[in-house]
Amino acid sequence: MLPHLKPGGEGLRTRLFQIIFESDTPMAKGFDIVLMALILASVAVVMLDSVPVWHAAYGPVFYWAEWGFTIVFTIELAVRVYCLERPWLYLKSFYGIVDILAILPTWLLLVIPGAQSLVMVRILRVLRIFRVLRLMQFVGEGRLLVEALKRSSHQILLFLFTVFMLVTIFGSLVYLIEPDDAGFTSIPRAVYWGIVTLTTVGYGDITPVTPLGQFVSMAVMLLGYSIIAVPTGVFSAEVIRSIRADRYSDEACPGCGYDRHEHKARYCLRCGTWLDEDTPDPRTQQDDAPDAEET
């Protein structure tokens with residue numbers, strides 16, 4: 001999900017690039033661990049500050065802790081921009097936008113009046129939770145989940161459209177069956193009941209009272225149990241396919257045709273044939289070497 005990034009120059013900028021954007025050195029891994037800990041701590045501060053009791057007791061502590069995290073993340077973003085050759089590529093990427101959203105709310109509080117803008121301040125406080133999305137860049141397997149979602153998007157959308165048709169049909173049917181005092185005062189209200197019932201949530205705020213309506217409710221609940229696993233199965237199958245595609249190559253063995261080799265495999269797992277047809281087999285060269293010495 002990250003764009004193709006390059007360091008902006010030799011020396012310090014290259015060293016910073018290796019620490020921040022790579023993870024193959026102890027210093028880079030340490031940087032990632034510290035950054036993850038800071039992100040989790042900042043999210044915990046925002047969540048605790050939303051509790052009235054904790055806010056009343058430790059409001060100033062949360063306030064200064066939030067400013068401390070914001071300053072640290074601002075410096076970190078500035079260093080990221082400094083060490084890149086084309087920083088706009090990163091700032092326009094998903095992680096760049098999340099980095100900006102992670103620090104922007106706190107800085108905006110400096111220019112927003114307090115008393116008459118409490119709603120806006122609350123929204124900005126909630127936006128700080130976007131910091132948790134920064135953790136995605138430390139999870140390499142996240143790419144597999146994104147690929148699986150893309151591959152299964154058509155099937156999932158078709159499933160959701162089917163569910164929407166079902167709840168509309170059953171909701172309209174129950175709207176015709178049930179009296180108004182049962183709560184089914186409109187078709188949208190009945191569709192809401194259909195969604196709650198089909199997903200087996202069952203809030204109980206609106207329920208059929210007639211025997212026929214209750215029979216329809218049973219049918220909808222049983223239908224929900226039978227189809228609720230469909231998107232899970234589709235997504236799971238795509239995740240497995242993505243894992244296999246990431247690990248295994250689809251090139252067939254020139255000797256036996258077997259096509260389930262790992263990407264770094266050099267010889268066929270089944271027959272031992274050299275897989276890279278563009279380069280000679282090292283075993284053949286070793287066998288030919290004594291013959292060349294004899295001649």
Against the definition (under 30 Å from Lys150 (Cβ atoms) and free of Cβ contacts under 8 Å to residues at least 24 places away in the same chain), how does Glu22 come out, yes or no?
yes
For the structure I just gave you, tell me whether Gly255 is part of a loop (DSSP other than H, G, I, E, B), at pLDDT below 75 and surrounded by 11 or more Cβ atoms within 10 Å (Cβ to Cβ).
yes
Yes or no: the range 265-272 includes at least one residue that is part of a helix (DSSP H, G or I) and modelled with pLDDT under 75.
no
Within the set of pairs 6 or more residues apart or between chains, which connect a residue that is under 23 Å from Thr14 (Cα atoms) inside the range 85-107 to a residue that is surrounded by 17 or more Cβ atoms within 10 Å (Cβ to Cβ) and among the hydroxyl-bearing types (Ser, Thr, Tyr) with Cβ atoms less than 8 Å apart?
Gly96/Tyr90
For Leu109, only one of the following conditions fails: (1) modelled with pLDDT of 65 or more; (2) over 21 Å from the mean Cα position of the chain (by Cα); (3) within 20 Å of Leu40 (Cα to Cα). What is its number?
(3)
Check on Ala28, surrounded by 12 or more Cβ atoms within 10 Å (Cβ to Cβ) and closer than 22 Å to Trp107 by Cα:
no
Taking the range 181-235 and the residues there that are farther than 27 Å from Val146 by Cα and among the polar types (S, T, N, Q), the one that is modelled with the lowest pLDDT would be Thr200
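Residue-by-condition table, conditions (1) in contact with a Pro (Cβ under 9 Å, 6 or more places away or on another chain); (2) hydrophobic (A, V, I, L, M, F, W, C):
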position: Glu22; (1), (2): no, no
position: Met36; (1), (2): no, yes
position: Leu40; (1), (2): no, yes
position: Tyr63; (1), (2): no, no
position: Thr70; (1), (2): yes, no
position: Thr74; (1), (2): no, no
Residue in the range 208-216 that is aliphatic (A, V, I, L, M), surrounded by 15 or more Cβ atoms within 10 Å (Cβ to Cβ) and out of contact with any Leu (no Cβ under 7 Å at 6 or more places or on another chain) present
no
Collect the residues in the range 1-33 that are closer than 19 Å to Ile97 by Cα and not assigned by TED's automatic domain parsing to the domain that holds Phe73, keeping them in residue-number order.
Met1, Leu2, Pro3, His4, Leu5, Lys6
So which pairs qualify, if the first residue must be in the range 34-54 and of a type outside the set (Gly, Ala, Ser), the second must be loosely packed, with under 13 Cβ neighbours inside 10 Å and at pLDDT below 85, the Cβ gap must be under 9 Å, and the two must be at least 6 apart or on different chains?
Val46/Val126
For the range 68-76, state whether one or more residues are surrounded by 14 or more Cβ atoms within 10 Å (Cβ to Cβ), at negative phi and without any contact (Cβ under 8 Å) to a residue 12 or more places away in the chain.
yes
In the range 14-31, anything assigned to a helix (DSSP H, G or I) and of a type in the set (Gly, Ala, Ser) is listed as Ala28, Gly30
Would you please name the residue that is surrounded by the most Cβ atoms within 10 Å (Cβ to Cβ), looking only at residues in the range 184-207 that are among the hydroxyl-bearing types (Ser, Thr, Tyr) and part of a loop (DSSP other than H, G, I, E, B)?
Thr207
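The values are calculated or read from the model by the stated rules, or taken from the named source; none is laboratory data. These numbers were taken from a predicted model, which means no experiment stands behind them. Because the Cβ atoms are built from the backbone with ideal geometry, glycine has one as well, and the counts that use them run over all protein chains shown.
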